[in-house]
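Contents: one structure, followed by commentary.
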Amino acid sequence: GIANVLDYGATGDGVTDDSVAIQAGIAAVAALGGGSLYFPPGDYYCPNTGGAALVVTSSIRLYGAGMYRSVIKFDDSAGASRRDCLTCTSGAYDIEMENLGIQGDFGTVDWTHDICHWLSARRTKFS
């Protein structure tokens, strides 16, 4: 199925903490056995206040309206670790991110140690 992150309370205004709403959307799609979570144009703010800000499970596709139009913005100003802002459950598979920007004040995204941590994931696709 396809779900819209706005339906779970995300605002995309770049100021409101959208992490709980995004995680609720991920959980709803996962409960259906997988599917897609759409991010309409906007800046989705996810402060990393300790632990992983967002955790993705198997068979999930996160997609937006373009990498500069639909952006997840992570912030570690609370002093949290730079790792695992966006991570996956252990052994997760079939994870896709498409037309969705990722921003943070962490430096270069290398998909293993910076903003996104996917070391245990199998069959992933980022485009």
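Are any residues in the range 1-53 part of a strand (DSSP E or B), touching a helix residue (DSSP H, G or I) at 6+ places or on another chain (Cβ under 9 Å) and either over 12 Å from residue 70 (Cβ atoms) or β-branched (Val, Ile, Thr) (or both), and if so, which ones? Result: 2, 3, 35, 36, 45, 46, 47. Being modelled with pLDDT under 95, under 18 Å from residue 102 (Cα atoms), surrounded by 15 or more Cβ atoms within 10 Å (Cβ to Cβ) and more than 14 Å from the chain's Cα centre (by Cα) is a description that applies to residue 76.
Note on the range 79-88: residues that are at pLDDT 70 or above and among the polar types (S, T, N, Q) amount to 1. Applying the criterion of being at positive phi and surrounded by 15 or more Cβ atoms within 10 Å (Cβ to Cβ) to the residues of the range 89-103, the residue that is modelled with the highest pLDDT is 99.
Yes/no matrix, rows are residues, columns are (1) without any contact (Cβ under 8 Å) to a residue 40 or more places away in the chain; (2) in contact with a Leu (Cβ under 7 Å, 6 or more places away or on another chain):
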residue: 14; (1), (2): no, no
residue: 19; (1), (2): yes, yes
residue: 31; (1), (2): yes, no
residue: 73; (1), (2): no, no
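What do you reckon, is residue 63 among the hydroxyl-bearing types (Ser, Thr, Tyr), open to solvent by 10 Å² or more (accessible area, probe 1.4 Å) and free of Cβ contacts under 8 Å to residues at least 40 places away in the same chain? Yes: the conditions hold for residue 63.
The values are calculated or read from the model by the stated rules, or taken from the named source; none is laboratory data. Small disclaimer: the values here were computed from a predicted structure and weren't measured. Please note: Cβ atoms are built from the backbone with ideal geometry, for glycine as well, and neighbour counts cover all protein chains shown. Keep in mind that these areas ignore ligands, DNA and RNA; they rest on the heavy atoms of the full protein, side chains included. Shrake-Rupley method; radii C 1.70, N 1.55, O 1.52, S 1.80 Å.
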